[in-house]
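Participant: Questions regarding the structure given below will be posed in turn.
The values are calculated or read from the model by the stated rules, or taken from the named source; none is laboratory data. Quick caveat: nothing in here was measured; it's all calculated off a predicted structure. Here the Cβ is made from the backbone with ideal geometry for all residues, glycine too, and neighbour counts use every protein chain on show.
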2 protein chains.
Amino acid sequence: MAANIKSGLKEVARSAGVSIATVSRVINGETVVKEATRLAVNSAIKKLGYRPNRAAQRLRSTHRSRKLIGLLIPDIQNPYYIDIISGIESYASAHGATIIIGNFSQDAQRERIYIDTLRSESVDGCIVATTPRTEKYVEGLIRDGFPVVCIDRGLKNLKSDVVKSDNETGAFAATEHLIKLGHKRIAHIAGDLQIPTSHERIAGYKAAHQQYKLRVDEGLIISKHSNYESGVELALQVLKMKKRPTAIFTGNNLLTLGVLEVLHGHAIKIPQEIAMVGFDDVYWANSLNPAVTAVKQFGYEIGHQAIELLFKRIEEPQRPPVSHIVNTQLMVRKSCGTGS
Amino acid sequence: MAANIKSGLKEVARSAGVSIATVSRVINGETVVKEATRLAVNSAIKKLGYRPNRAAQRLRSTHRSRKLIGLLIPDIQNPYYIDIISGIESYASAHGATIIIGNFSQDAQRERIYIDTLRSESVDGCIVATTPRTEKYVEGLIRDGFPVVCIDRGLKNLKSDVVKSDNETGAFAATEHLIKLGHKRIAHIAGDLQIPTSHERIAGYKAAHQQYKLRVDEGLIISKHSNYESGVELALQVLKMKKRPTAIFTGNNLLTLGVLEVLHGHAIKIPQEIAMVGFDDVYWANSLNPAVTAVKQFGYEIGHQAIELLFKRIEEPQRPPVSHIVNTQLMVRKSCGTGS
DNA sequence: CTGAAAGCGCTTACAG
DNA sequence: CTGAAAGCGCTTACAG
């Protein structure tokens, strides 16, 4: 228990009266080792407070373990990604794995640099929410034998494991909810059009219109970036529309928050003057006033499934890639009113 | 630019017509190398797309570099810590450093395990927001020569660099604001009393009362944990008080959000029926309704300063420890009304 | 079932 | 200014 002065394999071996090879075998749980030997080694390990040097392990071992996992995250300020990270992290920590976090803040160059870093660190695998612009770097990672699981979207030229929400269905449900409440002019403040999920959500929005025989007014679909500032800017744009929409469907968390700032700032009553549904839920949705109706993505679950798939791939690199499409759930609260 | 099949020092050396020692020197920016040699090596590096193996570097080098930084964070779901992580991460990424994240979710055992992991990974240094219960493990880290910077609070038995907010002054300002608005019964929903910052904030709350000759009613200071659920639970408790307070001062982010859920749920008008100030600000404070008045901690700045101090300590391990006390700022918005 | 030895990809005295 | 060689702390065939 007491922290000890640097003790390595050598010290443990000496203390247990075996060779370092045997100690190594015990550490790696090889079953060949005789029970009595194993016990002796383990007690020496405990006695000396020995901790393997992971850099040395990583350098020497021939096959990947599950010790170091790299994360490539577009925006750590987005609560959705925090949920994902939480899901990954709790599973990782329960399995003794460590996480390297690469938050590239939607910056392609930083993303590239992080991919290089993950290589340099010899991570055992990565979980990435990549953007189309850096796709080929992620593909390179896979070609070079790194286990990779994609979040939010797959790759273009390569099959890979992917875990994502059913964006179209989620957006459909949100839009349908508004339509059933009688709304006919529903603005959609979409996320960055460079991001594929934005298009899937737009598709859901349109599909709902078609289903209910409502014409889609393309002028009602506006977008810029996927951040808070764009939410503010685009909400202002909605308010200036000649024929003001009676409802807004926002494409993500940050946009929702930005829109709320504008609506509250203009003292616009929600839902009486404008109803709202947002994509992405937050644990404090009830702290908003009114509590906002939202399409919940199960970020924690997505993260959890992603790392589970990653571990499986590390064990079995040739396993055929799978796609997990996680359902969303419409959380009906107060921002749309309570009935048609 | 194209990703290449594993190229190591050896390949670069061969391509540049020098020894691997020279290549290593170029990589490490040693100034002894002749200009012409350096150029040749660098072009070989670029040509082969060489990336140093960090595990090998870490294993071999005698002094700490700034490549791998460990983070010990109590709760990644708390926006304050996200800000801190952002500040650390952006600085790290700009300096080619990688970050290992250890989110222990307020769990002492997980914190201890993470500390061990950071040792195992041979991190170059750590930034830790530790709890009193695991203090001795962090102290062990320092004794064993790991550069450590503390956030939020220092250590008991050991001097170390520390970066933290001026909690007492911040809490004083929040309370004073309410008092000046005429409030005499101000409840304080404090964070977990095991956490020292909670006490500092309580002290500020009390100091403001004394300054303005108001008796402190200890029954008005309630606490449990520092999370959302406690915010909910304690707000309910406030509502049940025989003589209901006219204002609430919450001890952190999560508590604020929990309290808001309750107040909105009970349709209690803020600030007319109950005024509110929270410790900790969020970038979406204006998305709340009413926009909440809050004591802003400069989390991003704190993170930034912490990693800067850490890098300095790595360079100069014997430098005497310093404390950076970062000012807070009262962000006056709408949750207290607009004047006495 | 266990040990001696080679070697992972680097860095660093030590010579020259 | 540069190279040959030792070695960081491990893992892994290869013998036995």
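Participant: Since A:Tyr80 meets every condition but one in (1) touching a helix residue (DSSP H, G or I) at 6+ places or on another chain (Cβ under 6 Å); (2) outside the structural domain of A:Leu141 (by TED's automatic domain parsing), which condition does it not meet?
Facilitator: For A:Tyr80, the exception is condition (2).
Participant: To continue, here is another question. Cβ contacts < 8 Å: first residue within 19 Å of A:Gly8 (Cβ to Cβ) and within 13 Å of chain A (Cβ to nearest Cβ), restricted to the stretch B:116-131; second residue among the charged types (D, E, K, R) and surrounded by fewer than 23 Cβ atoms within 10 Å (Cβ to Cβ), any location; separation 6+ or different chain. Result?
Facilitator: Note: pairs meeting the criteria are B:Asp116/A:Arg51; B:Arg119/A:Arg51; B:Arg119/B:Asp144; B:Ser120/A:Arg51; B:Ser120/A:Arg54; B:Glu121/A:Arg54; B:Ser122/A:Arg54.
Participant: Now for a separate question. Could you tell me which of the residues B:Val41, B:Val18 is under 41 Å from the mean Cα position of the chain (by Cα) and either near DNA strand D (Cβ under 7 Å from one of its atoms) or surrounded by 19 or more Cβ atoms within 10 Å (Cβ to Cβ) (or both)?
Facilitator: Going through B:Val41, B:Val18 in turn, the sole match is B:Val41.
Participant: From the list A:Val33, A:Val26, pick out the single residue that is buried (at least 20 other Cβ atoms within 10 Å of the Cβ) and not aromatic (Phe, Trp, Tyr).
Facilitator: A:Val26
Participant: Mind checking which pairs have a first residue in the stretch B:216-232 that is within 14 Å of chain A (Cβ to nearest Cβ) and a second that is polar (S, T, N, Q), Cβ under 7 Å, 6 or more apart or different chains?
Facilitator: From the stretch B:216-232, the pairs are B:Gly231/B:Thr250; B:Gly231/B:Thr256.
Participant: For the stretch B:60-96, how many residues meet the condition of being free of Cβ contacts under 8 Å to residues at least 12 places away in the same chain and within 16 Å of DNA strand D (Cβ to nearest atom)?
Facilitator: 4
Each row is one residue, and each column tells you yes or no for (1) more than 22 Å from the chain's Cα centre (by Cα); (2) surrounded by fewer than 23 Cβ atoms within 10 Å (Cβ to Cβ).
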| position | (1), (2) |
| --- | --- |
| B:Lys269 | yes, yes |
| B:Val277 | no, no |
| B:Gln297 | no, no |
| B:Tyr300 | no, yes |
| B:Ile307 | no, no |
| B:Glu316 | yes, yes |
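Participant: For A:Val282, which of the numbered conditions (1) crowded, with 24+ Cβ neighbours inside 10 Å; (2) of a type in the set (A, V, I, L, M); (3) touching a strand residue (DSSP E or B) at 6+ places or on another chain (Cβ under 8 Å) fails to hold?
Facilitator: Exception for A:Val282: condition (1).
Participant: Please verify whether the stretch B:258-267 includes one or more residues that are in contact with a helix residue (DSSP H, G or I) (Cβ under 8 Å, 6 or more places away or on another chain) and farther than 20 Å from A:Lys334 by Cβ.
Facilitator: No, the stretch B:258-267 has no match at all.
Participant: Oh, and also: If you check A:Lys47, A:Lys34, A:Lys10, which single one turns out to be more than 10 Å from chain B (Cβ to nearest Cβ) and away from DNA strand D (no atom under 14 Å from the Cβ)?
Facilitator: Just a single option satisfies the conditions, and that option is A:Lys47.
Participant: Can you tell me which residues in the stretch B:50-74 are of a type in the set (Gly, Ala, Ser) and within 7 Å of chain A (Cβ to nearest Cβ)?
Facilitator: B:Ala55, B:Ala56
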